[in-house]
Structure formats: C-alpha cells, structure tokens
Amino acid sequence: MKGQARETLDAGLPRDYKRGMITELGHFALILAFLVAIVQMVVPLVGAHKRWPGWMAVAEPAATSQFLLTAAAFGALVHAFVTSDFSLSVVVQNSHSAKPLLYKITGTWGNHEGSMLLWVLILTLFGAMAAWFGGQLPPTLRARVLAVQSAIAVAFFAFILFTSNPFARLAVPPFDGQDLNPLLQDPGLAFHPPFLYLGYVGLSICFSFAVAALIEGRVDAAWGRWVRPWTLASWSFLTIGIGLGSWWAYYELGWGGFWFWDPVENASFMPWLFAAALLHSAIVVEKREALKSWTMLLAILAFGFSLIGTFIVRSGLLTSVHAFANDPERGVFILAILVVFTGGALTLFAARASAMQAKGVFGIVSRESALVANNILLAVSSFVVFVGTMWPLLAEMFFDRKLSVGAPFFNFAFTPFMIVLGLILPLGSMLAWKRGKVGRTARTLAPAFGLAVALAGLVWAMQTGRSLIGPIGVFLGTWLVAGTLTDLWSRTGKSGSVARLFRLPRADWGKTVAHAGLGITMLGVAGLTAWESEDIRVAQIGERFEVGAFELELVDVQEVEGPNYFSTMGEVIVRQGGDEIARLFPEKRNYPVARMPTTEAAIDYRFMRDLYVVIGDAQDNGGWVMRTYIKPLANWIWAGCIIMALGGALSLSDRRFRIATGEKKTAARAVPAE
Amino acid sequence: MIGTIRSALVALVLLIAGAAAAVQPDEVLDDPALETRAREISAGLRCLVCQNESIDESNASLARDLRILVRERLVEGDSNEEVVDFVVDRYGEFVLLTPTRDGWNWLLWAAGPIMLLLAGGIGAAYLRGRSRAPEPSAAGLSAEEEARLRQLLEER
C-alpha cells in the first residue's frame, strides 16, 4: 500500500506539475479578464461622453479579449476536472476519479464556483457578440452598451475572485474526491445550467442596451429592432433551459412531477415571463414607436429578475430542493450587485424616461392594445410568482410568522392569468396594427374556436371524473394551435398557396411556431394534471397485475454495479391486449461516495401517454414495492417547449435582424407588410 | 484491501437503502374514498424536514409518520378540515402549503388582483391617450438620422 502510493507519486510528478501550470494560467487569465473588464467599463464610457473616437474604439478589442481570457480560465477549470486535479478544492468537493468523463466535464458547473465562472463566461461571450455584430450601431451607443455590459462583468469577476474562487488550492490534496451530487449526474441536468445561463445572462445585453439608451437619452424604432434579437435568443435559451430542468425533475425525482413552484424554479420562470413580455413590447417599439419607456423598464426588470434569481439560488436564502450553495457572505455580495445595478438603472430610468415621447397613435382595438394586454398579463403573473416566492421571507421578517407558500397557492393564483392570456392570444395576434376590427378577425377565427370548443366538449364527455382543468386545457391548446395556423393561412391572403406560405417572412413563421408550442405545452400540462392515474402495490416476482389498460409483470430484480454506484434493477414486462409492448428497467441506485440514493424511473414514452414505472424497497415477504403511473400527454409539455424555442430561433433568423445587426446586405426582397 | 473496501461499501449501501419513497403500499387505506381524501390532504401539507416537498411526495420518515397520522385521523371520522387543524396545532402553520388568508396574508392573496387592476387602469389610460393623440411629425431627428432610420425600417 505504502510502496504503491510512493510509486504513483513519483510517476505523477511531472504530469502534476504541468497540470498545476494550466490551472495557474487559468487563474491568471481570470484576474487579467477582471482588469480588462475594468478598462472596458471606464474608457469607452468616458470616450462616448467626450466624443473621443479612440477611447470609444477600446471597447471592441477589450470585449473580445475579455471573452478569450475568461474562456481560457474556464477551459483550465474543465481541464482540472477532467484530469481530476484534487489540489483544487472545488474538484475535491464535486468530482471523483471513477466518475464518467461526461460528468467530470459537466461537474465543472455542477457547483457554485464553477457555475459562476460559466455565468461570466456567457456574460463576456454576449459582450463580445454585441461588439462583433454591433457594427451598425451609432458609435456612442455601441461604446456605452459595451461599457455597461463590462460593468456587470466587473461586479461578477470581483464576486468570483473575492468570494468564490474556483482556483482555490488545498495545501494537502486528498487521493480522491467526494463525488458530484448524484442527482446532477444526469444528461438532462448536465445541460440545464448552460442553457439557463445563456438565457439569464443574454438578458444582460437588453439591460445594457436600455441603460445605454437612457444615458444617450434617445430611443427610436431602430433601438427596438436592435434589442429584439437578443431578447429572442435569451428567451429561447431560457425556454430550453427551463424545459430541460422540468424534464429532469419528471424522470429523476421518482414520481413524475414536472413543476414544483420551488423558489429556484420560480427564479428562472420570472425572467422568462419578463423576457416574453419584453419580446412583445419591443415589437411595438420597432413597428410603432410606442411603449418606449415601458419597454426600457421591462429590459431593466428582465435582467433585474435574472439577478434576483441568481441571488435566490446562490444565497440559499429561501429553502429549496436544489440550493447547493448556502453561504450568507456570497448572498450579501450578490444582493449588493442586484441593488447597485437594478437600483441604479431604475433611478436613471426615473430621471430620463419622461424624455422619451411616444409617437405611434392607435385605436383601442388594435394589435398595439393586444400587446399591451399581453404585457400586463405577463408582468402581473410574474409579480404574483415573485410575491409568492418572497412571502415566507417577508412574513418571517415583518409579522414573525413562519409559513409556507407552496404549489397549491401558485396553481390557484397564477393559472388564471395564463388562461386569459391563452384566450385573447389568437384574437390579439391577428388584429391589425393601428385600428383593428374585432368582428372581421373573429369571423376568420370562428372555425378554430369551434374546433376548440368541440374537442373540449368531447373530452369533457369522455373523461371519468369531473375535472375542469382537462377540458379547459384542451380548449386553450386547440384554440392556440388552430388559431395561430389560421393566422398563418390568412397571411397568404387566405389562398392556402404553399408557395406564398414559404415566401412569408421567417418572423411570421416564428410567431406561429412559438404560439403553437405554447398551446402544445398547455395541452400537456392540463392532460397530465387532470388525467394522471397511479398504482402503488407490493409485487411478487412473476406476478402479473393490471394498471389501466396495461398488464405489468415484474420478471426479475438484480443487483447491478455501475461505474460509481450500485443499483437494484428491476425488469418489468408491459403487455397490452396480451402483446408485449415494452420491457422496462426501473432502478434504485446508491452512490456510496456521495452517500446518496437516487430513483431511476423507467419510462415507456409514447405519443399520447407515458407509462412510468418505479421500483421501491424489498418487502419482508419477498415482494417489491412498485409504483406505476399512467401520464397522459406528458411529452407534450417538453415538446411544446422545444417548439416554442424553435419559433424563437425562426424569428431570430429573419433577415431584417441580420440587417439590423449589420451582417451583410443583400438586395432587399419585398416582404409583405403585416 | 479491495475486499475490505467492497464490504464497507456494501454495508454503507445497506445503511442508505433504508430510505423509503413516498406513499408505501402498507399505508394505503382500504376504503378508496378515504384514501383519496388522505392523498388530497397530504398534497397540501409540507414535509417539515424536506425542502419544499409535500408529505405525499416526500420519502422522509417524518413525512411517513405524518401520512399515517392523517390516515388515522380520517379513519376515526375527522373531516378534512379537522385533520388539517390537528396537524397545524402540532406543527404550526409552516406545514400548510396553501397559506391561510388571515392577518397580513390577505395581501399575498390579493396581490395579483390588485396589481391587475392597477396595471389594467394604467394600461387603459395609456391606450385612451394614444387613441386620442394627434399624429406627430417625426420631429427631433436630424435629417441624417431620419434617412438612416427610414433605410433600416424599409428593409423589413
């Protein structure tokens, strides 16, 4: 034992030395990035104020080098995780040499320090992209946007370097690590944070644009067009990130819940709602030069809520399933960042917003009004989530009451807003700009409405039990999908011509696809909530039992060994009408190093329903606890999320944004007006 | 050496395996109506040692004790409210996932409607203003800016 260790040490020395160098270089790059960020924060801002082109020009190379330096630091940390460099305390606490390579890599951001480094990496990436694609912006605006973006980066670099340094070393490195939380060793959750951060942090660009425009004192239609692609991208990434998290919860936590109104989930949901509102109000700025100051406010609030989200998760202030960093000092630091940036921006807003005059004139019945209604519903519903999330804290601080605000409250208080939103969406999105005609639009939509009512009536009649949420969800989902397709069809001059359909601008397609995705998600949520069925029993090996239309048989239970876990794996045959339709292998795993058990449900995914099988504990009489769930329309929830994000991507690819961000200019092809 | 580690690990695994998952078959009541009520009540009660999980979902042993307690009370003929009150008396209002409406809590429940009214009022006033405003000229922009703006907007 002793000799062996000695040998490993000797053989390992040169490699460890090189590895140590890479880590040190990463740390150094991070410090340099911090310094570059300080320069980028100050010089272009002064340059823009004094109109010195040389000073303003500093912003672009600074943004690029800031990004490259941060990428180098991040790369060094990934390297440390992959090579299991246990001289770094984050690696010791969150990795293990036996962990599969994928989770060594994703373990980089499966912890507080690493995830904050990923946060700034994405922040600097967006800053660099704003610099690269911002060629068409007025030089002063561009310099100011990049300076504000860099100010955010300075704050977070300081946060990382002074309170959460991922490159902190241990004097005596242990032989092996403590492994990553096994719940995080999963593909769904491995990629959940990067997408979420792309969304959260992407909103920082909108924030920077808003603050820069407030400093400039000017907002026009072009501003709306510049901001919209960033909002679209952030919103799409957030949609995917939230969807991944929800899907993960569905299959990993063992009973197939998909949304828990957990503070951490709410933390990502509030920016999503605000981003959705911003997305729509920026259209009004772009097309009609109205709602300008409101859009500014939304841009500030959307990123403000991203910061609040980061604060909620990082401080561990609100108890939650996945707060893995509970540290008050860090919480206070982020709170300070939150107060300085949101507070500063709002103060600036209060001082300057009145200077922005609205130009567009429109009637009460118009697309503009519909978008105002959309904004009111999204902003108020987000506010309800915010109050519900913070209420336990407020109640304890001010009324000395320890209470909980859980899922039943949110379902009750939040859902009505979404129902109303779904009701008005197809109508509002088809109204003409300036002055719409309800009667004409309603007539066009009548078939879609009829179809939705018919389907809702059908499921109402067919369902067992008298659940309201099911038929309402079916109505809304169908109404949204059919309504938005009607919209697309009427865009072709109601000709249904395929050629005309494909000539429509991508933004029109994006709108249709995203709205249909929302409808599909609503269908999924309602179906799963209303018609789920469950079976809990002790099953003997070889015993057949019926759950709904299915017959299940527990064939065998075996002990299996994984790379870094032990597993009890059941084998279940599912039959329908006598024929075998699936063979499922539910698992119960134990990760000895992390000392945690996990449940790995086995799911037979189908279009109309999932069959969800979980194996529990062995019983004294030789049987096993088995849980079987039939989950109707479950997949539709996440399919809808993907479709929504796809819609965002389609809109983003619309050529007018490429022109606005200054990529290339081709001869303008006539695009039908909306 | 390897052998000792292996047996230590197995012992550790056995130790962990004690954790149960959510409602167990032996807890389920024979009367389906009572069981449904028990599930409804459990979904609204918070597991005290977990983070934001109801006792219906939780696999903590305290949650199991509470689930059994709820079922015992139901079998003895308590109404749903009586069962909930019984649990709240023992563990405080922290167990309620649906907060009460008394005291300052009314503000929590009314927050949504109040904000909606406020926002709706402001929105309506804004829309009225917009629909009555005179069509403005594009003043305040220099000729150059005007041209550039027009060029950008025409691209669509």
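Tabulated values for the structure
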quantity	calculated
Neighbour-count order for A:LEU117, A:LEU458, A:LEU485, fewest beta carbons within 10 angstrom listed first	A:LEU458, A:LEU485, A:LEU117
Segment A:448-465 - phi-based ³J(HN,Hα) in whole Hz, Karplus 6.51/-1.76/1.60, Gly and Pro as x	4, 4, x, 4, 5, 5, 4, 5, 4, x, 4, 5, 4, 6, 7, 6, 8, x
Distance between modelled label sites at A:ARG169 and B:GLU35, nm, 7 Å Cα→Cβ extension	6.2
Selection from A:ILE122, A:GLN136, A:LEU198, by position along the positive dipole direction of the protein assembly as shown (Cβ)	A:GLN136
Nonlocal amide H pairs with A:GLU600, under 5 Å, H built at 1.01 Å	A:GLU587, A:LYS588, A:ARG589
Segment A:PHE399-A:SER467, length gained on full extension (0.36 nm per residue, minus Cα span)	20.8 nm
Rounded to whole Å, sorted largest first: equivalent-ellipsoid semi-axes of segment A:324-437, Cα gyration tensor	36, 24, 11
Centroid-to-centroid separation of segment B:61-124 and segment A:545-589 [C-alpha atoms, Å]	38
Per-residue mean of C-beta atoms belonging to partner chains within 10 Å, peptide B:97-103	5
Within the protein assembly as shown: Cβ-based charge dipole about Cα centre, in debye rounded to nearest 20 (Lys, Arg +1; Asp, Glu -1)	4800
Per-residue mean of C-beta atoms belonging to partner chains within 10 Å, peptide B:107-114	6
Residue-averaged beta-carbon neighbours from other chains (10 angstrom radius) around A:351-364	3
Theoretical gain in end-to-end length, A:LEU501 to A:ILE424 [0.36 nm per residue, Cα-Cα removed]	25.3 nm
Cα gyration tensor category, rounded, prolate or oblate, for the protein assembly as shown with a/c compared to 1.5	oblate
For A:SER150, A:SER164, order by how many other beta-carbon atoms lie within 10 Å, fewest first	A:SER164, A:SER150
Within segment A:537-634, chymotrypsin sites (Phe, Trp or Tyr not before Pro) in DSSP loop having at most 15 other beta-carbon neighbours inside 10 Å	A:PHE607
Calculated FRET efficiency for the pair A:LYS50/A:ASP617, C-beta based, R₀ 60 Å, to 0.05	0.25
Ranked by how many other beta carbons lie within 10 Å on average, peptides A:42-53, A:235-246 from highest	A:235-246, A:42-53
Summed residue charge, Cβ within 15 Å of A:ASP400's Cβ, Lys/Arg positive, Asp/Glu negative	-1
Gain on full stretching of the segment that runs from A:ALA454 to A:LEU102 - 0.36 nm per residue minus C-alpha separation	121.9 nm
Under the Karplus curve 6.51 cos²θ - 1.76 cosθ + 1.60, θ = phi - 60°, whole-Hz ³J(HN,Hα) for segment A:397-411, x wherever Gly or Pro sits	6, 9, 10, 6, 10, 9, 9, 10, 10, x, 3, x, 4, 5, 4
Ascending count of other beta-carbon atoms within 10 Å, so fewest first, for A:HIS280, A:HIS79	A:HIS79, A:HIS280
Taking all pairs of distinct alpha-carbon atoms in segment A:533-634, Kirkwood radius in angstrom	14.0
Using θ = phi - 60° and Karplus 6.51 cos²θ - 1.76 cosθ + 1.60, couplings along segment A:213-228 (whole Hz; Gly, Pro as x)	5, 5, 5, 5, x, 9, 9, 9, 4, 4, 4, x, 6, 5, 6, 4
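Here, each number is a calculation from the coordinates, and none is a lab measurement. Because the structure is a prediction, the values reported are computed rather than measured. A quick note on method: Cβ atoms are made from the backbone with ideal geometry, for glycine too, and the neighbour counts reach across all protein chains shown.
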